[in-house]
Amino acid sequence: MRINVLGVGFDNLTMEEAVAAGTALLHEEGAHYVVTPNPEIVEICRESPEARAAVNGADLVLPDGVGVIKGARMLGTPLKEKTPGIEFASRIMGKMAQEGLSLYLLGAKPGVAEQAAERLRAQYPGLVIAGTHDGYFKEDAPVAEAIRQSGADAVFVCLGAPKQELWMAKNGGATGAHLLCGLGGSLDVFAGTVERAPEFWSRHGLEWFYRLCKEPRRIGRMMKLPLFLVHVRQERGKRG
């Protein structure tokens, strides 16, 4: 049973449990997709029924960030722990490398996915990069077909929210992959073009603040966090 946080149902799993579930999906028939909503995505889902349906339709809905954890606790339905998408992806790649499985990288600016592929091959010996494609495309079908032709077992879809969630819900089956993961800006981190917050900031739930200091232009997006907490308080009042 999922934990409802403002209309988004989160799977109540530890990181270990989430990785085990994701690895199992890699070996199941058909296409399955994973989403990792943060407060910003939850707010998008509140405003867009289409986005909410795509997020809730995922096989795994994992809480990315301390904001969702705090919100769930405020609502009296705590989640076990945060399961950041980039850490989930790293663990999944480790499992895939052990089995020689293949991964397709989709998203980011031209050249970033290729740069990420080069670094990931070195970091995860045994991991096969089946192909890459930037996020600047207008037609879905040719991209889905390119992934299918590559024979990829998994796809990291890094198109930003809610585009990536909608894309996976619509095109997952056409890719031929067993597991698709929506991972926002993770390709930039894997490529080394964006630095992830140091462990101290992440451990104390301040990764969002570190990113804001590095990229002040994100202030508009970051304002979704206090708005999210306001909506959580309102929801708590209704439930009370």
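Quick notes on this one:
For (1) under 18 Å from the mean Cα position of the chain (by Cα); (2) touching a residue at least 12 places away in the same chain (Cβ under 8 Å); (3) within 30 Å of residue 237 (Cα to Cα), each residue gets a yes or a no:
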position: 71; (1), (2), (3): no, yes, yes
position: 81; (1), (2), (3): yes, yes, yes
position: 89; (1), (2), (3): yes, yes, no
position: 92; (1), (2), (3): yes, yes, no
position: 101; (1), (2), (3): no, yes, no
position: 105; (1), (2), (3): yes, yes, no
position: 109; (1), (2), (3): yes, yes, no
position: 121; (1), (2), (3): no, no, no
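- Test: residue in region 64-73 that is open to solvent by less than 10 Å² (accessible area, probe 1.4 Å) and part of a loop (DSSP other than H, G, I, E, B): no
- Residues that are basic (Lys, Arg) and either open to solvent by less than 90 Å² (accessible area, probe 1.4 Å) or assigned to a strand (DSSP E or B) (or both), drawn from region 92-110: 95
- Selection within region 144-158 - within 20 Å of the chain's Cα centre (by Cα) and either open to solvent by 40 Å² or more (accessible area, probe 1.4 Å) or touching a residue at least 40 places away in the same chain (Cβ under 8 Å) (or both): 147, 152, 153, 154, 155, 156, 157, 158
- Residue list for region 221-238, restricted to those being open to solvent by 50 Å² or more (accessible area, probe 1.4 Å) and modelled with pLDDT under 65: 221, 223
- The residue that is nearest to residue 109 (Cα to Cα), among those in region 159-181 that are open to solvent by 10 Å² or more (accessible area, probe 1.4 Å) and in a loop (DSSP other than H, G, I, E, B), is 159.
- Residue among 113, 117, 141 that alone is open to solvent by 20 Å² or more (accessible area, probe 1.4 Å), among the hydrophobic types (A, V, I, L, M, F, W, C), at pLDDT 95 or above and not in a loop (DSSP other than H, G, I, E, B): 141
- Being touching a helix residue (DSSP H, G or I) at 6+ places or on another chain (Cβ under 8 Å) and modelled with pLDDT of 95 or more is a property that residue 27 lacks.
- Near pairs, Cβ below 7 angstrom, 6+ apart or cross-chain, from region 126-138 (more than 17 Å from residue 190 (Cβ to Cβ)) to any residue that is buried (at least 18 other Cβ atoms within 10 Å of the Cβ) and aliphatic (A, V, I, L, M): 137/143
- Against the test of being modelled with pLDDT of 95 or more and touching a Ser or Thr at 6+ places or on another chain (Cβ under 8 Å), the options 179, 183 yield a single qualifying residue, 183.
The values are calculated or read from the model by the stated rules, or taken from the named source; none is laboratory data. This structure is a prediction, so every number in the text was calculated from the model and none was measured. Methodologically, a virtual Cβ is constructed for each residue, glycine included, from the backbone with ideal geometry; neighbour enumeration extends over all protein chains shown. The accessibility values were calculated without ligands, DNA or RNA, using every heavy atom of the protein model including side chains. Shrake-Rupley method; radii C 1.70, N 1.55, O 1.52, S 1.80 Å.
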